[in-house]
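The values are calculated or read from the model by the stated rules, or taken from the named source; none is laboratory data. Nothing here was measured: the structure is a model prediction, and the numbers come from that model. Please note: Cβ atoms are built from the backbone with ideal geometry, for glycine as well, and neighbour counts cover all protein chains shown. These accessible areas exclude ligands, DNA and RNA; they are computed on the full protein's heavy atoms, side chains included. Shrake-Rupley method; radii C 1.70, N 1.55, O 1.52, S 1.80 Å.
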Amino acid sequence: FKQQTIMLINDSFLTQDILVSLGSIQGSVYNDLNHNTTRDSGEAGLPGWTILNDGNPAAVSDVNGQYFITSLYPGTYTVSEQPQNGWTQTAPPSTHSVTITGANRDVTGKDFGNVLRHGVIAVSPASF
């Protein structure tokens, strides 16, 4: 339920409950091995990645890289992933903008591709 307040005549108000169907956003986080921004056969999901909804933690990818954000009121949301050290995001170029409506409550396919950067990860002092 969601409450709506309506102003009536002479500064009086009417508050009523409205039944709103909640929506969801789902997708996956995957290792984009060939850097083509599309999840291909053999590209594994990445577990344990935090997914942000409007900048706030909202979900963590499961063992298959899948994530689910639920109980969303109609509106527009910005979905992103929290960057991981050593990884570069390949897809989408920045974030997903997702609109939940009465007709479009459950949005799927909002995926995040990532590649492991190669290079120096740590430097240790030389041993003597």
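Here are the numbers:
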| quantity | calculated |
| --- | --- |
| Unique residue being over 13 Å from the mean Cα position of the chain (by Cα), modelled with pLDDT of 95 or more and of a type in the set (Asp, Glu) when the list is Asp111, Asp54, Asp32 | Asp32 |
| Flag if Ile69 is part of a strand (DSSP E or B) and either touching a Leu at 6+ places or on another chain (Cβ under 9 Å) or closer than 17 Å to Gly113 by Cβ (or both) | no |
| Qualifying position, being in contact (Cβ under 8 Å) with a residue 40 or more places away in the chain and closer than 26 Å to Leu22 by Cβ, among Val107, Val63 | Val107 |
| Residues of region 1-46 satisfying the condition of being open to solvent by less than 80 Å² (accessible area, probe 1.4 Å), of a type in the set (Val, Ile, Thr) and in a strand (DSSP E or B) | Ile6, Thr15, Ile18, Ile25, Val29 |
